[in-house]
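> Here it is, the structure in full.
The values are calculated or read from the model by the stated rules, or taken from the named source; none is laboratory data. For clarity, every value in this text was computed on a predicted model and none was experimentally measured. Cβ coordinates were reconstructed from backbone atoms using ideal geometry, including for glycine residues, and neighbour counts include every protein chain displayed.
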Amino acid sequence: MLMKRGRDNGQFLNRRFVLSLRDGTLKYYTKLDAKEPKAVIKVDTMNACFQPDKIGNPNGLQITYLRDNITRNIFIYHDSSREIVVWFNCIRAAQLHYLKVAFPGATDAELKPKLTRSFLKEGYMEKTGPRQTEGFKRRWFTLDHRRLMYFKDPLDAFARGEVFLGHRDHGYRVTIGLPAGTHYNGTWQYGITIETPERSFLFICETDTEQKDWLSHFNAVMNTPMSPQEFLKHSPLTCHWSARKIAPPQAHMIG
C-alpha cells in the first residue's frame, strides 16, 4: 500500500500497487479488494524519481509514464523510507529485466542509461502563445531528456503541453534573449528563444542564473546525437507544443 495523490482533488489516499516482473507492468487499485486496476503502466514507458521537495514528503516518489501518448504524473509516498527505496529499486529491476529480453545482446552497462533517471531540470519560466502576441504566463517546466513539458502547477497530473527537442543539425537551436519587437510587460526579463524547424518558442526566466542554467541544459540536449529509437518516435522536421495529446510526429501548440 502506498499513499497516492488524487488526480483532481490533490488528496493523498492509500492505494494498492502491484509490480509484476512477468507482465512488465505496474498496476494500482483504488480499493484493496478491487479486481480491476485503475491503471496499468508498462515499465518500458515509465520513469521514477525521488521528489521530496515537490511532493512535500521526504519519501516522495514521482512516477511518469505515457498514456495514449500523453505524459501522466503520479505522486506517491510511504511513511517508511526503506519501503519507498525498495519500490524504486524493484521498478529499476523490472525495467532491466524487460530490456534484457528486448535487447538480449546488450550489456548491463549499455542498458543502465535506459533505466529510471532524474529530470535534467525543473522550475518556473514564463511563456507566450503560438502567435507570440499573447501575454506571458508563468508555468512550471520539466526537461526530461528531449521532452520539454510545462504544467500550470508542479503537481499537475498531466502536462499542459510538450515539445520534442531534436539535434541542432535538424534545425534546433537556443539563444539568449527574445526576438526584436516582442511585447512584454512583466517583471521577469531574462529571455530564451528556442528555434525549431517550424517555429520559435519564447520563454522568460526570473534571474540571470536561471537563464544560463536552462540555456546550458537546452544546448546539451541539442548537441547530443539522436538515437535510432528517437528517430523512429519523432520526426526531426516537426516540433509543436501538444495540447494534452501527442500524436507523434505532429501535435498542436497551445497558449
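> Of the residues that sit in the stretch 100-121 and are surrounded by 14 or more Cβ atoms within 10 Å (Cβ to Cβ) and in contact (Cβ under 8 Å) with a residue 40 or more places away in the chain, which one is nearest to Cys205 (Cα to Cα)?
Lys121
> Right, next: Could you look through the stretch 204-235, keep only residues that are assigned to a loop (DSSP other than H, G, I, E, B) and under 18 Å from Gly171 (Cα atoms), and pick out the one that is modelled with the highest pLDDT?
Ranking the qualifying residues of the stretch 204-235, first place goes to Asn223.
> Residues that are closer than 30 Å to Thr187 by Cβ, at least 3 per element: which strands (runs of 3 or more DSSP E) completely within the stretch 45-152 meet that?
121-127, 137-144, 147-151
> In the set Val174, Val163, which member is of a type in the set (Val, Ile, Thr) and either modelled with pLDDT under 90 or within 19 Å of the chain's Cα centre (by Cα) (or both)?
Val163
> In the stretch 1-42, which residues are outside any loop (DSSP other than H, G, I, E, B), over 23 Å from Phe151 (Cβ atoms) and not basic (Lys, Arg)?
Once the filter is applied, which keeps residues that are outside any loop (DSSP other than H, G, I, E, B), over 23 Å from Phe151 (Cβ atoms) and not basic (Lys, Arg), the stretch 1-42 yields Asn14, Phe17, Val18, Leu19, Ser20, Thr25, Tyr29, Val40.
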